[in-house]
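First up is the structure itself, then whatever we jot down about it.
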Amino acid sequence: FLETRGNFGLDFTSARETDICRFATCPDAFNARDGFSLDDRRQIFQYTADLAGTARFQPFEMLGSATTLGVQYFQNNLSRSRATGEILPPGAVSPAAGSEPSVASTTDESRTLGAFIEQALDWRQTVFVTGALRYDDNSAFGADFSGVLYPKASLSWIVSEEDFFPTSGWLNSLRFRAAAGQSGVRPGTNDALQFFSGGGGATARILDSDIPGLVVDAPGNPGLEPETTTEIETGLDWEVFANRVSVELTYYAKRSRDALIARILPPSGGTGATTRFENLGAVTNRGFEALINAQVVQRPAFGWDLGLSASHNSNKLEDLGGVPPQIGATIQQREGYPLNGYWQRKYTFADGDNDGVITAAEITVDDSATFVGSSIPKTELVLTSGFDFLDRRLRLQTLVDYKGGHHLYNNTERFKCADARNCRGRNDPTAPLFEQARSVAATEHPARTLSGFMEEADFVRIREISLTANAPDDWARRALRAEGLSVTLSARNIATFTDYTGIDPESTYGQGDVPTDFLTLPPPSYFTFRLNVRY
């Protein structure tokens, strides 16, 4: 038989941000006392079209087949206008009233067109084989690159369903699986485009006259391609003890070629851009994932279930495509080391005169920068635990997670110590010695090293606790003529345990490839009340 599905829609988001500081009402910092007004407006349109069809048939009694064809189209449009007015006259509130107005606008548009075909076969509902091919084209690709093909294949074998598999009282099911395939990461919306700018006093000397000119503001890359990842994955799943315990184990090995790396440009290039994205070399990721779920206690009056997921990843930049190491102020890309790793000149210190104050003479700095640590967590653990009471009428659930094996650049503290010169390590003689040392190393030692602000960022967070009460069915029917009624109280981001000295070790995750704690807020705590009524 034939089945089809379609998904067509438009998601629209409109946001407006305003900020105002009236004349002579703000703190006396920079020129804020003169007053300013900001009006920032954004509109985002997301168009989706997804159409697919699957044909299923049974060519033989023990062989099943499913063939799927599909096409997808996605388009994102961002329009943003930002108006700012500084030095407001008394009583003024709009950006236009400022004696120094400025206007900026942004338009980003990305389009993706994809098509795929997938063939799935099953033998006696025991062995499953799947093969697929996908084609993608995106507006962010360079003009010299059209589209890309991604193949995949997978094999799954439920060994416990075979006649030769020994039966036992404790092992209920066993499955082996393997898969291989490719996927891609597209460039940023405008990474391949070249832009010009007439600002900054760009002029050309023609016939003894200065003529307004243009400079290359972004060099672009017409040959920019997607970063393509090839992955091989193997694993096994099993259930034991009357299906009360399930375990999933997976090992994977990924290699990304044509890695999208921001290559540093020489100043002699004559462009305002300092980097350009290029497809350079290869990156590998290897690791494992594990998932364990257990029903520890199953009784009418009390139930207890546990879940543990764990993952560990090793990342390495294998090849830079023949270009030299890409060296930034805090991040470097070097072959044989993790991608986006922190590099800095390390130091040691000692309070030689035991006066409780660290000076530049008491700090020894290495001659060259060395690898400090990865900017992305290597190990992640998530533990969930649920308790059921009163014949499952009341449920208490907790979620705790851990991330570790990485560092985070505490740029907020660096700014306070090195720029504002107003941090505890600089001004308080009773501050811990390590805080004094990193401030002195960044401001007074000739090396001006920032390694003291690249801190280990391991943490354990109580992510969520929730309590759900389910009312008896007759209560719901009598009170609301409903089939069910439940009430949930939950709290999220409750407590964090870490040695990181910044505001929060997770303050900027998800905002870029390299997390940086710079004048940012920690993840907020949420307290939620939810009433569910089912009819």
Next on the checklist: Can you give me the C-alpha center-to-center distance between region 419-465 and region 481-499, rounded to a whole angstrom?
Outcome noted: 36 Å
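Which value in Å is the Kirkwood Rh of region 351-405 over different Cα pairs?
Details: mean 1/r = 0.0590 Å⁻¹.
It works out to 17.0 Å.
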Item to check | Accessible surface of ARG134 - all protein chains present, 1.4 Å probe, nearest 10 Å² | outcome: 60 Å²
Next on the checklist: Report the number of Lys pairs in the chain whose alpha-carbons are under 29 Å apart, with separation of 8 or more residues or on distinct chains.
Outcome noted: 14
Checklist outcome for this item: Rounded to whole Å², per residue accessible area for the chain with a 1.4 Å probe reads 57 Å²
Next on the checklist: Test of understanding: what is the full-extension gain from LEU265 to PHE196, defined as 0.36 nm times their sequence separation minus their Cα-Cα distance?
Outcome noted: 23.2 nm
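Net charge near GLU435, counting Lys/Arg +1 and Asp/Glu -1 over other residues with Cβ under 10 Å of its Cβ?
On the way: positive: ARG424, ARG426, ARG438; negative: GLU413, ASP428.
The answer is +1.
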Checklist entry - In whole Å, what is the distance between the alpha-carbon centres of region 10-83 and region 337-384? => result 38 Å
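Find the relative contact order for the chain and round it to a whole percent, using C-alpha pairs within less than 8 Å whose residues are 6+ positions apart. Mind showing how you got there, number by number?
Working: 1386 pairs, mean separation 36.7, N = 535.
It comes to 7 percent, rounded to a whole number.
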Next on the checklist: Under 5 Å between amide hydrogens, which residues at least 5 positions from GLN326 or on another chain qualify, with H placed 1.01 Å from N in the peptide plane?
Outcome noted: GLN333
Checklist outcome for this item: Taking only C-alpha positions in region 84-134, Rg and Dmax in angstrom work out to 29.5, 82
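Taking all protein chains in place and a 1.4 Å probe, what share, in percent, of the accessible surface of the chain do carbon and sulfur account for?
Accessible surface attributable to carbon and sulfur in the chain totals 56 percent.
Using just the helices of the chain, give the 222 nm mean residue ellipticity in deg cm²/dmol: DSSP H runs with n ≥ 4 each add -39,500 (n - 2.57), and the total is spread over all residues, rounded to 500. Kindly include the intermediate steps, with their values, before the conclusion.
Numbers: 4 runs with 27 residues, N = 535.
Using -39500 (n - 2.57) per qualifying helix, the result is -1000 deg cm²/dmol.
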Next on the checklist: How compact is region 58-105 by the rule of thumb for globular proteins, expressed as Cα Rg over 2.2 N^0.38 Å?
Outcome noted: 3.07
Item to check | With 5 Å bins from 0: P(r) over region 14-136, alpha-carbon pairs, percent | outcome: 2, 10, 13, 10, 9, 7, 7, 6, 6, 5, 6, 5, 5, 5, 4, 2, 1, 0
Checklist entry - Can you give the FRET efficiency for LEU171 and ALA55, using 1/(1 + (r/R0)^6), R0 = 45 Å, r = Cβ-Cβ distance, to the nearest 0.05? => result 0.75
Next on the checklist: In Å and on Cα atoms, what radius of gyration and Dmax does region 117-258 show?
Outcome noted: 27.0, 96
Checklist entry - Over the Cα atoms of region 322-420, how large are the radius of gyration and the largest Cα-Cα distance (Dmax), in Å? => result 22.1, 69
Item to check | Histogram of C-alpha separations across region 370-445, 10 Å bin width, % | outcome: 15, 26, 21, 17, 12, 8, 1
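Can you quote the Å³ per residue value for the convex hull of the Cα atoms in region 123-205, rounded to an integer? Working shown, then result.
On the way: hull volume 12.3 nm³, N = 83.
Once divided by residue count, the hull of region 123-205 is 148 Å³.
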Checklist entry - Roughly how compact is region 416-467, stated as its Cα Rg over 2.2 N^0.38 Å to two decimals? => result 1.58
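Give me the mean projected area, in nm² to one decimal, of the convex hull enclosing the Cα positions of the chain.
Values: hull surface 154.8 nm².
Over all viewing directions, the chain projects a mean Cα-hull area of 38.7 nm².
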Next on the checklist: To test your reading of the geometry: what angle, between 0 and 90 degrees and rounded to tens, separates the Cα axis of helix 433-443 from the longest principal axis of the chain?
Outcome noted: 50 degrees
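The values are calculated or read from the model by the stated rules, or taken from the named source; none is laboratory data. Given the structure is predicted, the values throughout are model-derived calculations rather than measurements. A quick note on method: Cβ atoms are made from the backbone with ideal geometry, for glycine too, and the neighbour counts reach across all protein chains shown. Side chains are part of the model used for accessible areas, which takes the heavy atoms of the whole protein and leaves out ligands, DNA and RNA. Shrake-Rupley method; radii C 1.70, N 1.55, O 1.52, S 1.80 Å.
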